[in-house]
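Heads up: the structure comes next, in structure tokens.
The values are calculated or read from the model by the stated rules, or taken from the named source; none is laboratory data. Quick caveat: nothing in here was measured; it's all calculated off a predicted structure. Because the Cβ atoms are built from the backbone with ideal geometry, glycine has one as well, and the counts that use them run over all protein chains shown.
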Amino acid sequence: MARIGIQLMMLREHVAEQGVTPVLEKVAGSGFSVVEVSQIPMTETNVADLEAARGDLGIEVAAISAKTSGPMGPDDITLADDFDLHVEHARRLGTDMIRIGMMPFSAMASPVAFDAFCAETDGNAQRLADEGIALSYHNHHIEFARIGGATMLERLREQAPHLRFEIDCHWVQRGGADPERTLAAFDGVLDLVHLKDYRIALPSAEALEAIAAGDPGPFFAFWKGEAVQFAEVGQGTLEWKPVIEQGIASGARHLLIEQDETYGRDIFESLALSRRHLVELGYERLITG
């Protein structure tokens, strides 16, 4: 049975301030028991706390995260330099899935650079498969840019045949594609789905007052990018029932609620709104197990 959980990236600041255990206690208290780990430093303390939460709180780790090479911060570990450590973490946390959250910036520089990333990623996917672990790639909108007539996402799938995928519904929509059709297209290679809604916001009073006063800058900043927002599941424009059904039909084992920004709303309030909508759609059993 597929499970619905949450992405811990949303709670990274809470973890930094309070530690893993208090945050996971609140996650469990809010009605979730499945988490995906991203942007949480994989220190020994954090890994040990995640490991303990499996028994103490009934928390299931859907997947952990990895970078291929070229760490962007002092706490980063990479598959290139720390392959065995990733395998150890996965086994300690009871998951057989690792996901790449984003390609390195250097891979966006040219078709040659992107193809090198594809080859490196496929090599990592093969090595992890030998350890009984699936490697998935998480998309943003940039992967819908075209190289030689194909999108980067299509090119990655073709050139990394051992790779699995995590499809993020919001970023698919922002990339100009259809989430349901994209999930259908990845039937058989789909392990993970991000449930993140896509909302169009109205301009702020300040932006409208500025344009009325002759300053169009704030309004056009809104018009060119700020009109599109991340949203709680059910608070945007995506039709979730057919999306979720297609994700499950295409093989997704975990569907994770994720919201990059909450625009002043408390993250646990946002999670409650998303959970409520999913329960209304009939998915409570996938949340509670």
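Quick notes on this one:
- Residue list for the stretch 97-116, restricted to those being within 10 Å of Tyr137 (Cβ to Cβ) and either outside the structural domain of Leu135 (by TED's automatic domain parsing) or crowded, with 21+ Cβ neighbours inside 10 Å (or both): Arg99, Ile100, Met103
- Among the candidates Glu166, Glu143, Glu120, residue that is charged (D, E, K, R), in a helix (DSSP H, G or I), within 21 Å of Leu195 (Cα to Cα) and assigned by TED's automatic domain parsing to the domain that holds Leu8: Glu143
- Exactly one residue among Val193, Val233 is part of a loop (DSSP other than H, G, I, E, B), within 16 Å of the chain's Cα centre (by Cα) and within 19 Å of Gly282 (Cα to Cα), and that residue is Val233.
- Single residue of Ala125, Ala107, Ala119, Ala113 found to be more than 15 Å from Ala62 (Cβ to Cβ), touching a strand residue (DSSP E or B) at 6+ places or on another chain (Cβ under 9 Å) and among the small types (Gly, Ala, Ser): Ala125
- Taking the criterion of being more than 15 Å from Met108 (Cα to Cα) and either surrounded by 22 or more Cβ atoms within 10 Å (Cβ to Cβ) or among the charged types (D, E, K, R) (or both), the residues of the stretch 118-133 that qualify are Asp122, Asn124, Ala125, Arg127, Leu128, Asp130, Glu131.
- For first residues located in the stretch 147-158 and closer than 17 Å to Val112 by Cβ, partners that are of a type in the set (Ser, Thr, Tyr) and assigned to a helix (DSSP H, G or I) and lie 6+ apart or on another chain with Cβ distances below 8 Å form the pairs Leu156/Thr121.
- Selection count where residues are buried (at least 18 other Cβ atoms within 10 Å of the Cβ) and either touching a Phe, Trp or Tyr at 6+ places or on another chain (Cβ under 6 Å) or part of a helix (DSSP H, G or I) (or both), scope the stretch 251-266: 1
- Lone unmet requirement of (1) without any contact (Cβ under 8 Å) to a residue 12 or more places away in the chain; (2) surrounded by fewer than 21 Cβ atoms within 10 Å (Cβ to Cβ) for Thr68: (1)
- The residues of the stretch 107-123 that are polar (S, T, N, Q) and under 11 Å from Leu156 (Cα atoms) amount to a single one, Thr121.
- Some residue of the stretch 160-172 being at pLDDT 95 or above, farther than 25 Å from Ile248 by Cα and either buried (at least 23 other Cβ atoms within 10 Å of the Cβ) or not acidic (Asp, Glu) (or both): no
- Residue that is nearest to Leu11 (Cα to Cα) [pool: residues in the stretch 263-286 that are touching a residue at least 12 places away in the same chain (Cβ under 8 Å) and among the aliphatic types (A, V, I, L, M)]: Ile267
- Of all residues in the stretch 145-158, those satisfying the criterion of being over 16 Å from Ala184 (Cα atoms) and either acidic (Asp, Glu) or crowded, with 18+ Cβ neighbours inside 10 Å (or both) are Thr151, Met152, Arg155, Leu156, Glu158.
- Subset of the stretch 169-190 that is part of a loop (DSSP other than H, G, I, E, B) and acidic (Asp, Glu) - its residue that is farthest from Ala63 (Cα to Cα): Asp178
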